[in-house]
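In what follows, a structure is listed as structure tokens, so that the remarks can point back to it.
The values are calculated or read from the model by the stated rules, or taken from the named source; none is laboratory data. Since we're looking at a predicted model, the values are computed, not measured. Because the Cβ atoms are built from the backbone with ideal geometry, glycine has one as well, and the counts that use them run over all protein chains shown. Keep in mind that these areas ignore ligands, DNA and RNA; they rest on the heavy atoms of the full protein, side chains included. Shrake-Rupley method; radii C 1.70, N 1.55, O 1.52, S 1.80 Å.
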2 protein chains.
Amino acid sequence: MKLISLPLFCAVFAAAQTAPQAVERWSVFEITLRGPESGNPFIDVQLSAVFQHEHRAVTVTGFYDGAGVYRIRFMPDADGAWTYSTSSNTPGLNAKTGAFNVTRPSPDNHGPVTVRHTYHFGYADGTPYYPFGTTAYAWAHQGDELESQTLATLRAAPFNKMRMCVFPKDYVYNQNEPKFYPFPRDASGVNDYTRFNPEFFRHFEGLVRKLMDQGIEADLILFHPYDRWGYAKMPADVDDRYLRYTIARLAAFRNVWWSMANEWDFMKEKKLSDWDRFFRLTQESDPYQHLRSIHNGAILYDHSKPWVTHASIQHDDFNRTVEWLTTYRKPVVFDECKYEGNIPRRWGDISAQEMVRRFWLGFAQGAYVGHGETYIHPQDILWWSKGGVLHGQSPQRIAFLRKIVEQWPERGVVPFPNHQFPAAYREGEFYLYYLDYHQPAEFEFELPPGMKFKADVIDPWEMTITPAPGTYEGKFTLKLPGKPYQAVRFVRAR
Amino acid sequence: MKLISLPLFCAVFAAAQTAPQAVERWSVFEITLRGPESGNPFIDVQLSAVFQHEHRAVTVTGFYDGAGVYRIRFMPDADGAWTYSTSSNTPGLNAKTGAFNVTRPSPDNHGPVTVRHTYHFGYADGTPYYPFGTTAYAWAHQGDELESQTLATLRAAPFNKMRMCVFPKDYVYNQNEPKFYPFPRDASGVNDYTRFNPEFFRHFEGLVRKLMDQGIEADLILFHPYDRWGYAKMPADVDDRYLRYTIARLAAFRNVWWSMANEWDFMKEKKLSDWDRFFRLTQESDPYQHLRSIHNGAILYDHSKPWVTHASIQHDDFNRTVEWLTTYRKPVVFDECKYEGNIPRRWGDISAQEMVRRFWLGFAQGAYVGHGETYIHPQDILWWSKGGVLHGQSPQRIAFLRKIVEQWPERGVVPFPNHQFPAAYREGEFYLYYLDYHQPAEFEFELPPGMKFKADVIDPWEMTITPAPGTYEGKFTLKLPGKPYQAVRFVRAR
């Protein structure tokens, strides 16, 4: 065991050497320390640091990164002078101190996303965040070439959130071995659950950081049922250690969201109490309280439980949107509403038209909807799992919708009561109707009296916005195109 | 009071003069008698006849047709010699007897429709009956010219059932006065509920007979809420007398179905027990036990009640089809699933594509679906209410579906369990999948082993049937067009 044992002033100096002197707000400040390699540092060594800014102190857990290297990552949320001091049961890692300066965030850094206005999201700097997510469950386990291609695709795509699994995936179209495994394995594939494989995590968090740099939230799926390596049926103490380690490594990335599971109810080795425990443990371990959700297969988790920040739902009955918003009093995100594609699975073969329709059904009722794509590919590179490139026709229409949504009232919209069609509004400001399969040649709308509104007819598929002449108030009849899948928007004329 | 009082042999002779000597099976044999005009014959005079064939006797109620004319109508269901004898509290109408012969039905006369094979319908002669209904609620109250046009339209249309109200209708696009009223009215519009207006009924039953001659079932709606004349809030004794009179006049028409109501739950003057009573009274009064149903607004009647022959449903959630079939163990007819059209009402503005989709969703799960059409018209002549001509694009596709359905196994199809898509089958004979918004490029089907099937891909909108080469058995993958709203049919190869 190589114990680094120096007088205090030297330790400060050593720490300062490995940490930057200044970082911008909501970026990662990292302390690197050298410590013991012998024994089992993942279990034997406890390490944390208290970060202090004026009178406020934040305690952050560190982690062992292999080869005698220990790290503590911190995401500062206030500008100015910070200091830190480490604590450890290992003397050489204990009582390391340092100071650094936090500067204003750069223009594309809006901080982490949280819930606001009950049903909506915003960045820490006040900018609204409207989730336009996509899913590529196993894209982080495909090797550098394909992973780079996925990141390039995302740069041109309308998506600002990626649902992705921490663990590799074993499922149809997903049979490749990952390059890295989260735990050391022996020749016969037996996992050593008492240790982690830092290489795996370094690679994984590198991709999370690249998403962050591209302005994309990483909706990290902590457990999932599609597994042949053992990760879906680990003992409880391993589950908990895995969660704590993952959170210690990743929580300092501002774009991280925690999703306890993909299809939690399909994980037959876990009980409901396990999921509750994972939520609580995540809540206790995360100094930044990143968003927390859990995604269902056939059975909805009770999203009204206090540790759930928003409902992450797999469903395609958008008639239930208002019920869920009302029940949970939280944002509702249809993270999976089936995938645009043509594979021989009923969840992976909906048309682009249907996908676009579902986005509008959700957004026009004050909820959010996520994308995924499953077109047959000669090398089984389906976006929904491996990433790569997009082949479908819905992303450009989702981009069109995103532009429209980004002009919505900053406080977001809520379901419009007593409506005839899916509709959302912000009272006195904004009203949106999605007519779905209805094709009225005209329709009588009712807006608040004494306020003038401008009207637009929106064709979500053709991506056109056609202003109606004049202004409107109170009860009036508006001529409509008499074709299905149109939307009508009223914005207060100022 | 002109009492016709003759010796018995003369009475027989007189009766024989007014009744035909021979009628074909399932047609209307009518006895005409002269009787009192004074007093209130509608209430004072009781009249019935016993019709006898070999050892079987059927008692049938007669009715007063105004101007001293009394009629008894009978639909014989067996060929050969029949006799009858009347009973009345009025001596001149009592004990009239006669004889007639019943001959084989002509080729287009298949008899009345009843339920068979639990979920399906058939004519009395054994021919399957697949309901392809339409709705024109008030077409029988529009005057000769429009009524003739409606009948002409039906001759070229794919519909074999018409939902129609006995009472005139007052609703949007339906403000015209009817030519006839069912009860005498004074100058200020007050109804004399102690009498009927025979002219109204003669006109109405003339149209029912014309539908019969065109091979169209008349799904007669006995009560409905859309009323300004008082018919929706008559006293209970008037309701009952109206039902008995209507049944006495119309039950002998083989194409009659009894629908207790359109949107029963919207009739605020009626209690649930009233509807139960109407059902029982109809069941007791109808010698032929024509089909009986009740159509809902927002609240489903309990169609498992024993007097309901089939579930007549207004709904557009076809996901509930299997639930209703399983619950009721009766045929399920989506008599109203919204209307193809463009009026500014959410129930009357769905696209032709959506209407065709709904027909397939229902039929491909072993249920039946009805049509209606609501396109804006300069004179407010909307098919759904007044009849006239059809403007939409769904009827020709419904005709295409009807041809396909008429090739189904004679015993009908039932929902296919464990399916991935809406699907219906008759085991070992026939399998139909409707892929709805799914667009798989291929799909693995599983049919019973050891049987060979021919496969067709059906495009319900383009109206094409494309046979797949070869035959199929057991588990196999079939290439598909990769476009939405397709169907796949497997028929046992013999």
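Within segment A:303-321, how many residues turn out to be of a type outside the set (A, V, I, L, M) and closer than 25 Å to A:PRO112 by Cβ? Steps first, please.
The initial filter retains those residues of segment A:303-321 that are of a type outside the set (A, V, I, L, M), namely A:303-307, A:309-310, A:312, A:314-321.
So of that shortlist, the ones also closer than 25 Å to A:PRO112 by Cβ come out as A:303-307, A:309-310, A:312, A:314.
So the count comes out to 9.
A search for C-beta distances below 7 Å between a residue of segment A:215-232 that is under 13 Å from A:ARG254 (Cβ atoms) and in contact (Cβ under 8 Å) with a residue 40 or more places away in the chain and any residue that is charged (D, E, K, R) and open to solvent by less than 10 Å² (accessible area, probe 1.4 Å), counting only pairs 6+ apart in sequence or on different chains, returns A:ILE216/A:LYS161; A:GLU217/A:LYS161.
Could you list, in sequence order, the residues of segment A:339-348 that are touching a Lys or Arg at 6+ places or on another chain (Cβ under 8 Å) and either facing another protein chain (nearest Cβ under 7 Å) or of a type in the set (Asp, Glu) (or both)? Lay out the reasoning, then the answer.
Taking segment A:339-348 and keeping what is touching a Lys or Arg at 6+ places or on another chain (Cβ under 8 Å), we get A:346-348.
Of everything in segment A:339-348, just one residue is touching a Lys or Arg at 6+ places or on another chain (Cβ under 8 Å) and either facing another protein chain (nearest Cβ under 7 Å) or of a type in the set (Asp, Glu) (or both), namely A:ARG346.
Remark: pairs (first residue in segment A:248-266, at positive phi; second residue assigned to a strand (DSSP E or B) and open to solvent by 10 Å² or more (accessible area, probe 1.4 Å); Cβ separation under 8 Å; 6+ apart in sequence or on different chains) = A:GLU263/A:GLN314.
For A:ARG358, the requirement of being among the basic types (Lys, Arg) and open to solvent by less than 10 Å² (accessible area, probe 1.4 Å) is met. Taken over segment A:51-98, residues that are closer than 24 Å to A:GLU37 by Cα and free of Cβ contacts under 8 Å to residues at least 12 places away in the same chain amount to 1. Is it true that A:THR327 is open to solvent by 10 Å² or more (accessible area, probe 1.4 Å), over 28 Å from B:GLY482 (Cβ atoms) and more than 14 Å from chain B (Cβ to nearest Cβ)? Spelling it out, A:THR327 is indeed open to solvent by 10 Å² or more (accessible area, probe 1.4 Å), over 28 Å from B:GLY482 (Cβ atoms) and more than 14 Å from chain B (Cβ to nearest Cβ). Looking at segment A:188-206 only, could you name the residues that are in a helix (DSSP H, G or I), in contact (Cβ under 8 Å) with a residue 40 or more places away in the chain and crowded, with 17+ Cβ neighbours inside 10 Å? Once the filter is applied, which keeps residues that are in a helix (DSSP H, G or I), in contact (Cβ under 8 Å) with a residue 40 or more places away in the chain and crowded, with 17+ Cβ neighbours inside 10 Å, segment A:188-206 yields A:PRO198, A:PHE201, A:HIS203, A:PHE204, A:GLU205. Regarding segment A:374-388, can at least one residue be identified that is of a type in the set (D, E, K, R), more than 27 Å from B:HIS438 (Cα to Cα) and open to solvent by 50 Å² or more (accessible area, probe 1.4 Å)? Among the residues of segment A:374-388, not one is of a type in the set (D, E, K, R), more than 27 Å from B:HIS438 (Cα to Cα) and open to solvent by 50 Å² or more (accessible area, probe 1.4 Å), which makes the answer no. Looking across A:ARG209, A:ARG185, A:ARG155, one residue alone is out of contact with any helix residue (DSSP H, G or I) (no Cβ under 7 Å at 6 or more places or on another chain), open to solvent by 30 Å² or more (accessible area, probe 1.4 Å), modelled with pLDDT of 95 or more and closer than 23 Å to A:LEU291 by Cα. It is A:ARG209. Among residues of segment B:148-176 that are in the same structural domain as B:GLU373 (by TED's automatic domain parsing) and part of a loop (DSSP other than H, G, I, E, B), those with a Cβ under 7 angstrom from a residue that is small (Gly, Ala, Ser) and surrounded by fewer than 22 Cβ atoms within 10 Å (Cβ to Cβ), sequence gap 6+ or separate chain, pair up as B:PRO158/B:ALA399; B:ASN160/B:GLY215. B:TYR288 meets all of the listed conditions (1) free of Cβ contacts under 8 Å to residues at least 60 places away in the same chain; (2) out of contact with any strand residue (DSSP E or B) (no Cβ under 6 Å at 6 or more places or on another chain) but one, namely (1). B:ASP265 fulfils the conditions (1) open to solvent by 10 Å² or more (accessible area, probe 1.4 Å); (2) in contact with a strand residue (DSSP E or B) (Cβ under 8 Å, 6 or more places away or on another chain); (3) acidic (Asp, Glu) except for a single criterion, (2).
Checking each residue in segment A:338-353 for being open to solvent by 10 Å² or more (accessible area, probe 1.4 Å), without any contact (Cβ under 8 Å) to a residue 60 or more places away in the chain and over 19 Å from A:HIS295 (Cα atoms) picks out A:ASN342, A:PRO344.
Please find, among B:TYR242, B:TYR288, B:TYR231, the residue that is over 25 Å from B:PHE359 (Cβ atoms), aromatic (Phe, Trp, Tyr) and under 16 Å from the mean Cα position of the chain (by Cα). Steps first, please.
Numbers: B:TYR242 fails: under 16 Å from the mean Cα position of the chain (by Cα); B:TYR231 fails: under 16 Å from the mean Cα position of the chain (by Cα).
After applying the criteria, what remains is B:TYR288.
Residues being small (Gly, Ala, Ser) and more than 12 Å from every other protein chain (Cβ to nearest Cβ): count how many of those fall in segment A:349-366. Can you show your working first?
Pass one, segment A:349-366, residues small (Gly, Ala, Ser): A:351-352, A:362, A:364, A:366.
Filter once more, so that each one left must be more than 12 Å from every other protein chain (Cβ to nearest Cβ): A:362, A:364, A:366.
Result for segment A:349-366: 3.
Only residues that are more than 9 Å from every other protein chain (Cβ to nearest Cβ), touching a residue at least 24 places away in the same chain (Cβ under 8 Å) and open to solvent by 70 Å² or more (accessible area, probe 1.4 Å) were counted across segment B:466-480, and they come to 3.
For residues that are on the phi > 0 side of the Ramachandran plot and either charged (D, E, K, R) or crowded, with 19+ Cβ neighbours inside 10 Å (or both), tally how many sit in segment A:99-136. Residues meeting the conditions: 1. Search segment B:79-97 for residues being touching a Ser or Thr at 6+ places or on another chain (Cβ under 7 Å) and of a type in the set (Gly, Ala, Ser), and hand back the single one that is nearest to B:HIS55 (Cα to Cα). Looking at the filtered set, the residue picked out is B:SER85. The set of residues in segment B:414-462 that are closer than 23 Å to A:ILE376 by Cβ, more than 14 Å from chain A (Cβ to nearest Cβ) and of a type in the set (Gly, Ala, Ser) contains only B:ALA455.
Within segment A:484-494, can you find the residues that are crowded, with 16+ Cβ neighbours inside 10 Å and either among the charged types (D, E, K, R) or part of a strand (DSSP E or B) (or both)?
Step one: list which residues in segment A:484-494 are crowded, with 16+ Cβ neighbours inside 10 Å, which gives A:484-492.
Within segment A:484-494, A:ALA487, A:VAL488, A:ARG489, A:PHE490, A:VAL491, A:ARG492 meet the criteria.
If I filter segment B:245-261 down to residues being farther than 23 Å from B:ALA311 by Cα and not small (Gly, Ala, Ser), which single residue comes out as most open to solvent (accessible area, probe 1.4 Å)? Can you show your working first?
From segment B:245-261, those farther than 23 Å from B:ALA311 by Cα are B:245, B:248-249, B:252; that's our starting set.
Applying the additional criterion that residues be not small (Gly, Ala, Ser) yields B:245, B:249.
Values: B:TYR245: 19, B:ARG249: 0 Å².
For segment B:245-261, the residue satisfying everything is B:TYR245.
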